[in-house]
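Engineer: For reference, the structure I am asking about is given below.
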Amino acid sequence: CLFKHSEASECDPVLVDKMGARSTVWKYFGFKPNDKGEPLNLEAPQCKRCYKVCLAKGGNTSNLSKHLKDNHADLFKDFSQERQVIMLFTSSLVTPPTQKQPTLQDVFQQHMKYPKDSKDAKRLNRAVAEFICMDQVPIYSVEKAGFRNLVHNLDKKYDLPSRNFFMYNEIPKIYDETRSMISAQLAEKPFFACTTDLWTSRTASAYMAVTLQYITKAWEIESWCLGCSALQSDHTAESLKEALEDIVIESWGLDMTNMSGITTDNASNNRKAFADDFNWIPCFGHNLDLAVKKAIAIDRVASSLSRLRNTISAFSRSNKMTRMLKEKQASLNLPQHKLIHDEPTRWGSTYDMVERFCEQQQAVSAVLVDDRKKWHLMPRDSDMTTLETVRDVLAPLSEFTDALSGEKEATLSSVLPLIWKIRACLEDEEGDSPLMREMKHSSKQDFEKRYDEYNLKMTLNIATFLDPRFKNMFVTMEEQVKMELLLKVDTVHLPRKHSQEQQEESVDDIGAATSKKKRSDLKSLLCSIASEKKGADTRQDSATPMTTPSDKLQREMTDYRQLRDISPAEDPLVWWKHHQVELPILAQFARQYLCIPASSCASERVFSTSGNICSPRRSRLTEENVDTLVFLQQPEGMQHQWSLQQFT
C-alpha cells in the first residue's frame, strides 16, 4: 500500500460508505457504486487505503478487522481504541431501571485501577501473600495467566503486582509482623521446650528445624517453628548444638536457662549434642519404633517380610495385577483395599503392611495362582504363620505409635502410663509360640533400655507427679521427685501478683455476681460467707512471719496429694488454671515440665511442610526464602491475625 486514502489520485476508484453501519470498522471500507450511487455488492467491501476486496458475507466484519491488523497497523490501532471507548460507554448505559444512569466520569472511575498505596490495594496484596504462604503455592503463580485472569474477574480495579513485589516486599513484611507478635508473647520469658530434627532437600541442602512449645498465661500450649536454618557443616554434635543456640539465642534472644527440655530422635549426634548440657528427652514414637524394629529383625521374621515386600511390589508395579486384585476382592466379598508397602521413615508402617496383607491374602493368592510366572510370589504356609504372629505382637503396640504426637496438649506426663501399658502388652501369656515370646522379649528389652537413664526417669516422674490425673498411680520415684523440687524451688519465679490479691479478686467477683441476682437464696449466701471466711483466714495467715520457699512447697505438695485425681479424659492444664492460686509454686513447676513434648513430631511436620515448599518446580529457592516460607506456615489462628492486625 503506497498511498494513504487522503492522498488518493484521480485514477483511484470511487467508493461509497455502507448505510446504517454500526461497527466502526466500516469507517475504513467502502463499496463500488452502481448507476444510482448505491453499493453494488454488499458482500465485497474494499479497503479505502489499498482498495483490496475483503469478503464480508452477511455483514460479518471479522475479515475486515483482520485485514487492518495484518496490513495497516496504524489504522487498526485507531480502530481498537475507538471501539474500546464505545464499548465502555455503551456498557455503562445498560443499568437497571431503579438505578440512576451513571455519568461518563463515573464510568471511567469504575475502570480505573486502585492506587498502589490505597487501602484496597494493600488489603488485596496481603490476601494474595497469605494465599502463597498458607497454601504453599509457588510465588510465580501470580504471573500465571490463569491466576491473573481469576484476580481480574474478582476485582477489575486491582492491579496484581509482580512476583518480586511479593517475594521481597509483602512476604517479608508478614514475616516481620509475625516475628514481632511471637516475640511479644515470649517477652515475659516463660518456660519453654524445643524439638529439633534434620532434613535434606531435593537439592541435597541440609536444614535444621527448631520448634518451640510453651504454656501461656491462660494455660494453653502454644507451638511455633522458630526456624528452618541451613547447615553448611557436617552434622556433628558441636555443629548441631551451635545451630540450636544460634536460632534460640542469637535469632530470638531467648534465655536458655528457661528451656525446660529438648526432644529429638535417638540419633547419636543428637544425644551427644544435647544430653550433657540440656534436659534431653528421646522421642517416644521413635523409641517405640526402634523397639519394634528389634523384633522384626529376627531372622525368621525378616526373611518373611522380605518376601512379602517383593509380592507387594509386584502388585504396585503392575496395572494388570492391580485390576485383577480388585476383581478377586469383589468375588470373595473382601474390602476394596490396596496393598500397603512399609516405609522405613514412617512409624508403624510395617504393621500396616502385614495387617493389610493378612486381610487380602485370599485375593492375592487367587491372582497369583492364575499366572504360572507369578507362583514364586505366592506366600508359603510358614510365611503366613510368621506374618500372623507379627500381626498379633504388633497390634497392641500400633495404637501407641502416634498417641503422643499432639502439639496442643501436655504429653510428657503420659509417657510413664504408656510405658506401663506397653510392658503389660509385652508380657508372656499362656499359649504364646516361641517366635512370639522371642519377639516380645526383644522389643521389651530394647524399649526399657531407652528409659533407664536416671535424669530421664526423674524428668518423667516429675511431669507425671505434676499431672493431677496420674500423681497417685504412676509415679515410681516419689521421694526423689519431692527432693528434686525442693532443690529447684529457689529457681521458680512466682507471678507478679501475690496469690492473696488473686484470692481477694476472686472473692470480689463472686460477691459481684451474687449482687446481680434479683433474690438471695441460701446457696448464694453460704458461698458468700465461705468466701469471706477464706479471705479472713488468708489475711490472718499473711500477718504471721513468712516461711521459706521450701516450707511453702512442702505444704503445697501435702495439699496437692490430698486433692482427688481427675479423670484421664480431662485436661490437666485446665485443672492447673483453677488451682494455680492455691498452689502457686507447684503451678510454676507445672508450667516448666508439662510444656515439654514427648515426641519430636513437631519438627517432623515442619519437614513435611518444607517438602511441599521445596518442590521440584521450586528447586532454586534460596535458603533464606525457604526459612521464611516455612516459618510463615503457622497454625490457622495466627494466619487470621495477620489481616486482623493490619486492617482493623
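Engineer: Can you tell me which residues in the range 136-152 are open to solvent by 30 Å² or more (accessible area, probe 1.4 Å) and within 20 Å of S118 (Cβ to Cβ)?
Structural biologist: Answer for the range 136-152, where residues must be open to solvent by 30 Å² or more (accessible area, probe 1.4 Å) and within 20 Å of S118 (Cβ to Cβ): R148, H152.
Engineer: A further question on this structure: Is it fair to say L563 is of a type in the set (A, V, I, L, M), crowded, with 16+ Cβ neighbours inside 10 Å and modelled with pLDDT of 50 or more?
Structural biologist: In short, no.
Engineer: Which number in (1) open to solvent by 80 Å² or more (accessible area, probe 1.4 Å); (2) closer than 12 Å to L15 by Cα marks the one condition that K57 misses?
Structural biologist: (2)
Engineer: Give the range 184-221 a look and list any residue that's among the aliphatic types (A, V, I, L, M) and over 26 Å from K272 (Cα atoms), or say none.
Structural biologist: A184, L186, A187, I215, A218, I221
Engineer: Do you know which of the residues in the range 429-454 that are part of a loop (DSSP other than H, G, I, E, B) and among the hydroxyl-bearing types (S, T, Y) is farthest from K294 (Cα to Cα)?
Structural biologist: S433
Engineer: For the range 180-211, name all the residues that are in contact (Cβ under 8 Å) with a residue 40 or more places away in the chain and farther than 23 Å from Q232 by Cβ.
Structural biologist: Once the filter is applied, which keeps residues that are in contact (Cβ under 8 Å) with a residue 40 or more places away in the chain and farther than 23 Å from Q232 by Cβ, the range 180-211 yields M181, I182, S183, L186, K189, P190, F191, F192, A193.
Engineer: If you don't mind, another one. Applying the selection to the range 426-444, what residues are surrounded by 16 or more Cβ atoms within 10 Å (Cβ to Cβ) and farther than 16 Å from I296 by Cβ?
Structural biologist: Selection gives D432 alone.
Engineer: Does the range 18-34 contain at least one residue that is modelled with pLDDT under 75 and open to solvent by 40 Å² or more (accessible area, probe 1.4 Å)?
Structural biologist: no
Engineer: Another question, then. Looking at the structure I just gave you, is A184 in a loop (DSSP other than H, G, I, E, B), open to solvent by 40 Å² or more (accessible area, probe 1.4 Å) and either hydrophobic (A, V, I, L, M, F, W, C) or within 23 Å of G406 (Cβ to Cβ) (or both)? Give the steps one after another, and end with the answer.
Structural biologist: Details: in a loop (DSSP other than H, G, I, E, B): no; open to solvent by 40 Å² or more (accessible area, probe 1.4 Å): yes; either hydrophobic (A, V, I, L, M, F, W, C) or within 23 Å of G406 (Cβ to Cβ) (or both): yes.
Considered against the rule, which asks whether it is in a loop (DSSP other than H, G, I, E, B), open to solvent by 40 Å² or more (accessible area, probe 1.4 Å) and either hydrophobic (A, V, I, L, M, F, W, C) or within 23 Å of G406 (Cβ to Cβ) (or both), A184 comes out as no.
Engineer: Before we move on, is T350 outside any helix (DSSP H, G or I), closer than 30 Å to N266 by Cβ and among the polar types (S, T, N, Q)?
Structural biologist: Spelling it out, it is not the case that T350 is outside any helix (DSSP H, G or I), closer than 30 Å to N266 by Cβ and among the polar types (S, T, N, Q).
Engineer: I would also like to ask the following. For the structure I just gave you, tell me whether I174 is touching a Pro at 6+ places or on another chain (Cβ under 9 Å) and either in contact (Cβ under 8 Å) with a residue 12 or more places away in the chain or assigned to a loop (DSSP other than H, G, I, E, B) (or both).
Structural biologist: It is false that I174 is touching a Pro at 6+ places or on another chain (Cβ under 9 Å) and either in contact (Cβ under 8 Å) with a residue 12 or more places away in the chain or assigned to a loop (DSSP other than H, G, I, E, B) (or both).
Engineer: While we're on this one: So which pairs qualify, if the first residue must be in the range 578-594 and not assigned by the TED database to the domain that holds T263, the second must be open to solvent by 20 Å² or more (accessible area, probe 1.4 Å) and polar (S, T, N, Q), the Cβ gap must be under 6 Å, and the two must be at least 6 apart or on different chains?
Structural biologist: V581/S499; V581/Q502; V581/Q503; P584/S499; A587/Q580
Engineer: Since T389 meets every condition but one in (1) more than 15 Å from D289 (Cβ to Cβ); (2) touching a residue at least 40 places away in the same chain (Cβ under 8 Å); (3) surrounded by fewer than 21 Cβ atoms within 10 Å (Cβ to Cβ), which condition does it not meet?
Structural biologist: Result: T389 fails condition (3) only.
Engineer: Out of (1) surrounded by 17 or more Cβ atoms within 10 Å (Cβ to Cβ); (2) touching a Lys or Arg at 6+ places or on another chain (Cβ under 7 Å); (3) over 19 Å from D392 (Cα atoms), the odd one out for K328 is which?
Structural biologist: Failing condition for K328: (2).
Yes or no, residue by residue, for (1) among the hydroxyl-bearing types (S, T, Y); (2) in a helix (DSSP H, G or I); (3) at pLDDT 90 or above:
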{"site": "L387", "(1), (2), (3)": "no, yes, yes"}
{"site": "R391", "(1), (2), (3)": "no, yes, yes"}
{"site": "A395", "(1), (2), (3)": "no, yes, yes"}
{"site": "F400", "(1), (2), (3)": "no, no, no"}
{"site": "A403", "(1), (2), (3)": "no, no, no"}
{"site": "E409", "(1), (2), (3)": "no, no, no"}
{"site": "L418", "(1), (2), (3)": "no, yes, yes"}
{"site": "E427", "(1), (2), (3)": "no, no, yes"}
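Engineer: L339 is checked against (1) over 22 Å from R450 (Cβ atoms); (2) outside any loop (DSSP other than H, G, I, E, B) and fails just one. What number does that condition carry?
Structural biologist: Looking at each condition in turn, L339 falls short on (2).
Engineer: Going through the range 373-430 one residue at a time, which ones are of a type in the set (K, R) and under 30 Å from T216 (Cβ atoms)? Write out each step before concluding.
Structural biologist: Kept after step one, since they are of a type in the set (K, R), are these residues of the range 373-430: 373-374, 380, 391, 408, 421, 423.
Answer for the range 373-430, where residues must be of a type in the set (K, R) and under 30 Å from T216 (Cβ atoms): just K408.
Engineer: Is at least one residue of the range 394-404 open to solvent by less than 50 Å² (accessible area, probe 1.4 Å) and either of a type in the set (D, E, K, R) or farther than 28 Å from S608 by Cα (or both)?
Structural biologist: no
Engineer: Continuing with the same structure: Report, by residue number, each residue of the range 19-41 that is more than 60 Å from the chain's Cα centre (by Cα), of a type outside the set (F, W, Y) and either under 23 Å from F76 (Cβ atoms) or not in a loop (DSSP other than H, G, I, E, B) (or both).
Structural biologist: Result: A21, K27, G30, P33, P39.
Engineer: Are any residues in the range 464-474 open to solvent by less than 50 Å² (accessible area, probe 1.4 Å), in a loop (DSSP other than H, G, I, E, B) and over 17 Å from Q554 (Cβ atoms), and if so, which ones?
Structural biologist: Scanning the range 464-474 gives D467, P468, R469, F470, F474.
Engineer: Are any residues in the range 187-204 surrounded by fewer than 17 Cβ atoms within 10 Å (Cβ to Cβ) and within 26 Å of A129 (Cα to Cα), and if so, which ones?
Structural biologist: Those that are surrounded by fewer than 17 Cβ atoms within 10 Å (Cβ to Cβ) and within 26 Å of A129 (Cα to Cα): R202, T203.
Engineer: What number goes with the only condition from (1) β-branched (V, I, T); (2) in a helix (DSSP H, G or I); (3) modelled with pLDDT of 90 or more that T514 does not pass?
Structural biologist: With (1) β-branched (V, I, T); (2) in a helix (DSSP H, G or I); (3) modelled with pLDDT of 90 or more applied to T514, the lone miss is (3).
The values are calculated or read from the model by the stated rules, or taken from the named source; none is laboratory data. Predicted model, so just to flag it, every value in this text is computed and none were measured. Please note: Cβ atoms are built from the backbone with ideal geometry, for glycine as well, and neighbour counts cover all protein chains shown. Remember, those area values only see protein heavy atoms, side chains included, never the ligands or the DNA or RNA. Shrake-Rupley method; radii C 1.70, N 1.55, O 1.52, S 1.80 Å.
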